[in-house]
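Before any comments, here is the structure.
The values are calculated or read from the model by the stated rules, or taken from the named source; none is laboratory data. Everything numeric here is computed off the predicted structure, so don't read it as measured data. Backbone-built Cβ (ideal geometry, glycine too); neighbour counts: all protein chains shown.
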Amino acid sequence: MTEDRISLQARDVHFDFDGLRTDWIPGEPFASHLIDVLHLLLPEGERWFVEVFSQALPLVRDEALAEDVRGFIGQEAVHATSHQGALDHLVAAGVDVTRYVEQVEWIFGELLGERGLTGDEARAWLVERVGMIAAIEHFTAVLGSWIIDSPALDGAGADPQMLDMLRWHGAEEVEHRNVAHDLYVHLDGRWLRRVRAMLVTGPALASLWADGTRHLCARDPHLRGTPQRRARVRDYLRAARRGLVPGPWLFARAVLTYLSPRFHPDAHGDTDAAVAYLAVSPAARAAGTGHPAGGTGTGPGTADGTGGAAA
Ligand SMILES: [Fe+2]
Ligand SMILES: [Fe+2]
């Protein structure tokens, strides 16, 4: 557990995607769809986080951590709902994502779902899944840091509503980046198990992401008959070079960092930057739960006024 703690709160945000273009980064359908994969993965994925953490909560013997877990559950539930709104918009825009979403539902509902276990076996499966979520949460924190500082997206004229949704979510990921790791350490903490979880989730996420991007580009009706229908590795590298999507080195560095036995998420990420974004996020402000402008972390969401800044 870290000393500088933020009191995590779920913000009642709303986003209106009516009229959103499928290339919401204008003229950049590949980059738009690469980021859109989040809308395919996260509604199911974050609902799964909520389920697993709700099961783990009664096992927590530390009130501060239990409070963090409750805050985490509240935030992830709103994230899932918000990305579901974006997913519904994609479907309404004529992008048929049925096959991919069914696959995602199978992964989180069946493969990683309940197995009818009891006793020690049930606990071991629960801890295994908390370990996987801790690994995924390292990626979401890294991506969160990236999206709140991605000026190329502003420069490219990315849709402000979508950008705010991604940045509000990213900022909350940075805000709660310690929780899954702290929960895993509290319940088990074995380094080898943590490494194994990363070695399973890292490649699985990379594969799902590449598949999702190809899926969206192939099914976007606006790309019919264009070369952009084929999402290629070189399109990714080009978009990454221009700062429109996170580059491969960001993910490689994230994995290497995570494998260190001394890893703690608190040292990777800038809580002040996250709090500063939440202070100006139109959706968070409309929800009445952004922090006061200035980004000092002294707002109502902080427990101690420090904003829980990284060491
Ligand atoms: Fe989230
Ligand atoms: Fe998260």
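Here are some notes:
- Beta carbons closer than 8 Å, at least 6 apart along the sequence or on distinct chains, pair a first residue in region 54-72 that is in contact (Cβ under 8 Å) with a residue 12 or more places away in the chain with a second that is among the charged types (D, E, K, R) and outside any helix (DSSP H, G or I) for A64/R5; D68/R5.
- Of all the listed residues (E128, E137), the sole one being over 15 Å from the mean Cα position of the chain (by Cα) and closer than 23 Å to P58 by Cα is E128.
- Of all residues in region 52-69, those that are assigned to a helix (DSSP H, G or I) and either within 14 Å of ligand 2 (Cβ to nearest atom) or among the aliphatic types (A, V, I, L, M) (or both) total 10.
- Considering each residue of region 277-285 in turn, at least one proves to be in contact (Cβ under 8 Å) with a residue 12 or more places away in the chain, in a loop (DSSP other than H, G, I, E, B), in contact with a helix residue (DSSP H, G or I) (Cβ under 7 Å, 6 or more places away or on another chain) and within 16 Å of G144 (Cα to Cα).
- The C-beta contact set for region 6-19 (first residue without any contact (Cβ under 8 Å) to a residue 24 or more places away in the chain, second residue among the basic types (K, R) and surrounded by fewer than 20 Cβ atoms within 10 Å (Cβ to Cβ), distance under 9 angstrom, 6+ apart or interchain) is empty.
- Residue check, I148 touching a residue at least 40 places away in the same chain (Cβ under 8 Å), in contact with a helix residue (DSSP H, G or I) (Cβ under 9 Å, 6 or more places away or on another chain) and closer than 20 Å to R262 by Cα: no
- Reported count of residues in region 32-50, each being within 16 Å of L20 (Cβ to Cβ) and either within 16 Å of ligand 2 (Cβ to nearest atom) or of a type in the set (S, T, Y) (or both), is 3.
- A86 vs. criteria in contact (Cβ under 8 Å) with a residue 60 or more places away in the chain, out of contact with any Leu (no Cβ under 6 Å at 6 or more places or on another chain) and under 17 Å from W209 (Cα atoms): yes
- Candidates H222, H215, H186 - the one that is closer than 21 Å to E76 by Cα and in contact (Cβ under 8 Å) with a residue 24 or more places away in the chain: H186
- Filtering G202, G212, G144 for residues that are within 20 Å of W48 (Cβ to Cβ), within 16 Å of ligand 2 (Cβ to nearest atom) and modelled with pLDDT of 95 or more leaves a single hit, G144.
- Any chance G109 is at pLDDT 95 or above and either of a type outside the set (D, E, K, R) or crowded, with 18+ Cβ neighbours inside 10 Å (or both): yes
- Filtered residues of region 86-144 (kept if within 16 Å of ligand 1 (Cβ to nearest atom), touching a Phe, Trp or Tyr at 6+ places or on another chain (Cβ under 9 Å) and small (G, A, S)): A86, A134, A135
- Among the numbered conditions (1) touching a Leu at 6+ places or on another chain (Cβ under 8 Å); (2) more than 30 Å from V95 (Cα to Cα); (3) within 16 Å of ligand 2 (Cβ to nearest atom), the only one that N178 does not meet is (1).
- Candidates R115, R11 - the one that is away from ligand 2 (no atom under 16 Å from the Cβ) and of a type in the set (K, R): R115
- Looking only at residues of region 71-103 that are among the charged types (D, E, K, R) and more than 14 Å from ligand 2 (Cβ to nearest atom), we find that the one that is surrounded by the most Cβ atoms within 10 Å (Cβ to Cβ) is D96.
- The lone criterion from (1) at pLDDT 95 or above; (2) assigned to a loop (DSSP other than H, G, I, E, B) left unmet by G189 is number (1).
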